[in-house]
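The values are calculated or read from the model by the stated rules, or taken from the named source; none is laboratory data. The structure presented is a predicted model; accordingly, all values stated were derived computationally and were not measured. Neighbour counts are summed over all protein chains in view; Cβ atoms, including those assigned to glycine, are modelled from backbone coordinates with ideal geometry.
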Amino acid sequence: MENAAIFGWALLWILFWGALGGVVTPRVYARKDLEISQASFGGAVIGAALGPFSLLPLWFATPKITSRLIGIAIAIVVGIFIAAFALADPDNLCVANGGFVISQLANGIVIGIIYGLMALGLTLIFSILGVVSFAHGEFYMIGGMVTYFMTAEWIPGVSPIIAILASCVVTFAIGYLFERIFLRPMGSGEIERPTEYAILVTFGLAFFLQYLTQALTSAVPVKAQRFFPFPRTEIPADSGALLKMTPGNVTVFDAISIPNPRFTAALLALMMLAALLWFLYRTWVGKALRAVSQDRQAAAVTGINPNSMNTLAFSMGAMLAGLSGASLVQVFSWLPQVGIPAAARSFVIIVLGGMGSLPGAFLGGLIVGLVEAAGTGCIPDATRAAAYIPAYGMVILTLVLLLKPTGLFGREL
Amino acid sequence: MNLRRNLFWSLIALTLLALLLAACGGQTETVGEPEPAAEEEAAPAATEAPAAEESDDMDMEPIKIGALAPLSAPGAVVGGEAMRDAMLIAADVLNARGGIMGRPVEVIIVDTEGLPERGTAVVERLINQDGVVGIGGGYHSSVGVAAKEVARDNGVPIVFAETWNDTITSVQYDEIFRIAPLSSEVSAVDVNFIQWLRDENGMKLDKVVILTENTDYGIPAAENTTALLDGAGIASVTFSVDIGTQDFAGIIERVKAESPDMIVTLATGEASYNFTQQAADAGIGPQDVPFMCNQVSLVSDAFWTNVPDGNNCFVRRIGLPQKLYNDVAQELVAEYSARTGKDDIESYAMASYDSIMLIAQAIEDSGSTDPADIIDALENINHMGALGPITFPINRSNTPDQAGVDPKWWHQFPDPAITIVQYQEAGQDAVDTAVVYPNVYQTDPPVIVGQE
């Protein structure tokens, strides 16, 4: 980094005024008997954005801190951060190479969509059952394993779509059985300490599934072939300057490249997401699920069986994790332990987005995907950039929890 | 009522599980997997005719030898399973010969998971709970670096089979022996090969990208390689990742932006598979740029499953080409092939076999199971192993100072052969790969891709 001091001072500015805004603003609003639920978060981002130039008017005028105001402030903070980085390290690829930046953004969005899909399952389970499933990573692993074995071992040549559907069926069925046998007693009051019970029983399921899979398939990594290889195409035909496709990659404008397995995995995830949204918002059962997540007792009064919704939510959550795994088994080498980091990332995402919030989970996935891509691409030290991947999401999570403990879309307590 | 209902569902689940197990059991046999080693401890095998005379002795308390292998992630499981199979063969061979000093041999294999803290714990357990008199195997350097301290504290010898970090021997502990090559020597071979590609094959080689792992193997190996490349006038950029990294998309974009003339992978296990295939998807794989894959790529079934676009990979191979195998190696390969269905044995599996056999011979030579006596015997050993004649010429009676060599040669097998092979056909078996370097072993010229 050529001018590290510029970046350091900018960071210091953001942190100092952000911290001051976060601490003082709620007190100012409280003294004036105003709504303070957004004061800490809003004060922090508004302070980080323009320092005293925004904080003093805020403290004197005390306007209502709206989501729009917060959004504008966040955009300014991100702008300051990017500008300082560009000034500090003008030769960095993230500054000097537009194609590289867009490729990284595309990679971040693509992987973020898949993270989001997986986290959706976890947050769906939490919103209905109030249970954090520690076996979520194992459903992800099983989804990938079923797809691999279907396409490569059991029925070679079978359509990947059928294999993915089979993964969905298997993970849905395991989730269904598990909920009926182990989680249903929680709802009927048979369990004295249901919260602890849920943690332990899902942990138990995680270990059981992981080691059962290892016993059945061995711990040697496997990987499915590309589901839908691109046809070899060049536009224009002689140079491929506009579009160049090989079976494993698509390159647009000779600069932006997206590997085929990621592209198809993200498309599958988007299609599944659309189907899920349609189900939740357009069908009676989906509306019933949402009703139970909002008010269990009121939903029961209207004739919805909360126990059935519990079973459905857990099974669907498991299926969404399985679907994420099924779409990614063509991207990563697959092991019985492959779900551990994926589950850890999902926990980060749902806390970041707000526990139980479906839009929050999806947005959280996108944010984590983008931050990971930006961190990996832009950290100047090549020997550190990728080594910090697990830390990027944690940094964002820590910041959000400091400023907004309920997460981005979490319900206020 | 609820209890009865739960019992009903539990029975259904157990029935489904039993059906699943039965279905998958049949599948395992058809894919030619090794016999599942349900027991990690190799029980003393039935002895053959000459040993039958000693059946009374064979009922005695077994001599226990420990064995280290990564058998679950994030360790290099492919390597660990190969090592486990070879060390189980060693146990069976020893017992078939009548054991050691007439006593049966028990090889206790433990899973290090490729993690130093786990390695420390299992070595502690092997020594103080299981009562082993020596330990063989070992794959990950970070495990070796940590485990050597436990061996030192307890005075029990370890013969490391596949841990390359120089400091494992350069600390000059009496208890630590190694038949794997030194990391710095391997780096020298890599760079000599790269120079050879440039100087004798006319390849353009101005910049090399190194992908390494943040471990006691990867970091020094990358530093050594960088220094040697620098000395050869070749620029290099190193990218480091955690051992279990899956997603390399961001790093691969950066590698592309460097426009490297060659890529060298120093990451092990499935991380190396993930990197190589994701690089291939992005258009900078082995078919696009000269690419050195990690040696775990020599497990060809797993390699082609995980890296279908890995053709033209250069792979560093420790040990001689198969045509130069001695009798011990040929017998080992025959047995290993029969058990695993593979055509050849991986170098680290061969070294693991030798590490157990070395300890066994040291016990025989010393006539004692006292670890101190075994260490004395190892220092003076002359063992004809699958890797060739194995000795440790730099030892307490011929220290590095006296011999005028670097301390890294302490208790170090000096002659592990290193060749560079290349997959030149998609789906090729490792045994059929072309030996491209050095010239003395060359079977085919290298296929060099991406040169305009």
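For the reader, a short list of remarks on this structure follows.
- Residue pairs meeting the criteria (Cβ under 6 Å; at least 6 apart or on separate chains; first small (Gly, Ala, Ser), in segment A:12-33; second buried (at least 17 other Cβ atoms within 10 Å of the Cβ) and modelled with pLDDT under 90): A:Gly22/A:Ser40; A:Ala30/A:Ile36
- Residues of segment A:273-307 that turn out to be in contact (Cβ under 8 Å) with a residue 40 or more places away in the chain and on the phi > 0 side of the Ramachandran plot, as a count: 0
- Segment A:191-243 - residue that is more than 26 Å from A:Leu268 (Cβ to Cβ) and of a type in the set (Phe, Trp, Tyr) and, of those, surrounded by the most Cβ atoms within 10 Å (Cβ to Cβ): A:Tyr197
Residue-wise test of (1) in contact with a Lys or Arg (Cβ under 6 Å, 6 or more places away or on another chain); (2) in the same structural domain as A:Gly322 (by TED's automatic domain parsing); (3) modelled with pLDDT under 90.
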site: A:Gly189; (1), (2), (3): no, yes, yes
site: A:Val201; (1), (2), (3): no, yes, no
site: A:Pro236; (1), (2), (3): no, no, yes
site: A:Leu242; (1), (2), (3): no, no, yes
site: A:Asn249; (1), (2), (3): no, no, yes
site: A:Thr264; (1), (2), (3): no, yes, no
site: A:Trp278; (1), (2), (3): no, yes, no
site: A:Thr283; (1), (2), (3): no, yes, no
site: A:Lys287; (1), (2), (3): no, yes, no
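- Checking A:Ala224 against (1) in a loop (DSSP other than H, G, I, E, B); (2) at pLDDT below 90; (3) not charged (D, E, K, R), the condition it does not meet: (2)
- Identity of the residue in segment B:276-300, part of a loop (DSSP other than H, G, I, E, B), of a type in the set (A, V, I, L, M) and in contact (Cβ under 8 Å) with a residue 40 or more places away in the chain, that ends up nearest to A:Pro261 (Cα to Cα): B:Val289
- Some residue of segment A:309-326 being in contact with a helix residue (DSSP H, G or I) (Cβ under 9 Å, 6 or more places away or on another chain), loosely packed, with under 14 Cβ neighbours inside 10 Å and either over 28 Å from A:Arg226 (Cβ atoms) or not assigned by TED's automatic domain parsing to the domain that holds A:Gly143 (or both): no
Matching residues to (1) outside the structural domain of B:Ile359 (by TED's automatic domain parsing); (2) free of Cβ contacts under 8 Å to residues at least 24 places away in the same chain; (3) of a type in the set (A, V, I, L, M, F, W, C):
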{"position": "B:Glu175", "(1), (2), (3)": "no, no, no"}
{"position": "B:Val191", "(1), (2), (3)": "yes, no, yes"}
{"position": "B:Arg198", "(1), (2), (3)": "yes, no, no"}
{"position": "B:Gly218", "(1), (2), (3)": "yes, no, no"}
{"position": "B:Thr225", "(1), (2), (3)": "yes, no, no"}
{"position": "B:Gly233", "(1), (2), (3)": "yes, yes, no"}
{"position": "B:Thr238", "(1), (2), (3)": "yes, no, no"}
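- Pairing each residue of segment A:202-217 that is within 19 Å of A:Trp334 (Cβ to Cβ) with any residue that is acidic (Asp, Glu) and assigned to a helix (DSSP H, G or I), provided the two are 6+ apart or on different chains, yields C-beta distances under 8 Å for A:Ala206/A:Glu138; A:Leu209/A:Glu138; A:Gln210/A:Glu138; A:Thr213/A:Glu138.
- On the stretch given as segment B:107-147, residues that are β-branched (Val, Ile, Thr) and in a loop (DSSP other than H, G, I, E, B) total 3.
- Answer from B:Ala180, B:Ala232, B:Ala227, B:Ala221 - the residue that is surrounded by fewer than 20 Cβ atoms within 10 Å (Cβ to Cβ) and touching a helix residue (DSSP H, G or I) at 6+ places or on another chain (Cβ under 8 Å): B:Ala232
Every residue, every condition in (1) over 20 Å from B:Ala249 (Cβ atoms); (2) modelled with pLDDT of 90 or more; (3) surrounded by 24 or more Cβ atoms within 10 Å (Cβ to Cβ), yes or no:
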site	(1), (2), (3)
A:Ala83	yes, yes, no
A:Asp89	yes, no, no
A:Ala106	no, no, no
A:Leu122	yes, yes, yes
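- All positions within segment B:240-261 that are more than 28 Å from B:Thr163 (Cα to Cα), in contact (Cβ under 8 Å) with a residue 12 or more places away in the chain and facing chain A (nearest Cβ under 7 Å): B:Ala249, B:Glu253, B:Arg254
- Taking each residue of segment A:357-375 that is touching a residue at least 60 places away in the same chain (Cβ under 8 Å) and looking for partners that are polar (S, T, N, Q) with beta-carbon atoms closer than 6 Å, six or more apart or interchain, yields A:Ala361/A:Thr123; A:Ala373/A:Gln104; A:Ala373/A:Asn107.
- Given (1) more than 30 Å from A:Gly175 (Cα to Cα); (2) within 14 Å of chain B (Cβ to nearest Cβ); (3) out of contact with any Leu (no Cβ under 7 Å at 6 or more places or on another chain); (4) among the hydrophobic types (A, V, I, L, M, F, W, C), index of the condition A:Ala86 fails: (2)
Residue-by-condition table, conditions (1) within 12 Å of chain A (Cβ to nearest Cβ); (2) touching a strand residue (DSSP E or B) at 6+ places or on another chain (Cβ under 8 Å); (3) small (Gly, Ala, Ser); (4) surrounded by fewer than 23 Cβ atoms within 10 Å (Cβ to Cβ):
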residue	(1), (2), (3), (4)
B:Ile263	no, yes, no, no
B:Ser272	yes, yes, yes, no
B:Gln277	yes, no, no, no
B:Val296	yes, no, no, no
B:Asn312	no, yes, no, no
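- The C-beta contact set for segment A:170-194 (first residue over 18 Å from A:Arg296 (Cα atoms) and within 10 Å of chain B (Cβ to nearest Cβ), second residue in a loop (DSSP other than H, G, I, E, B) and small (Gly, Ala, Ser), distance under 8 angstrom, 6+ apart or interchain) comprises A:Phe178/A:Ala135.
- Residues within segment A:190-220 that are of a type outside the set (Ser, Thr, Tyr) and over 23 Å from B:Ser72 (Cβ atoms), tallied: 9
- Scanning segment B:157-177 for residues that are in a helix (DSSP H, G or I) and surrounded by fewer than 21 Cβ atoms within 10 Å (Cβ to Cβ) yields B:Thr167, B:Ser170.
- For segment B:330-369, a residue qualifies if it is surrounded by 24 or more Cβ atoms within 10 Å (Cβ to Cβ), outside any loop (DSSP other than H, G, I, E, B) and acidic (Asp, Glu), and exactly one does: B:Asp354.
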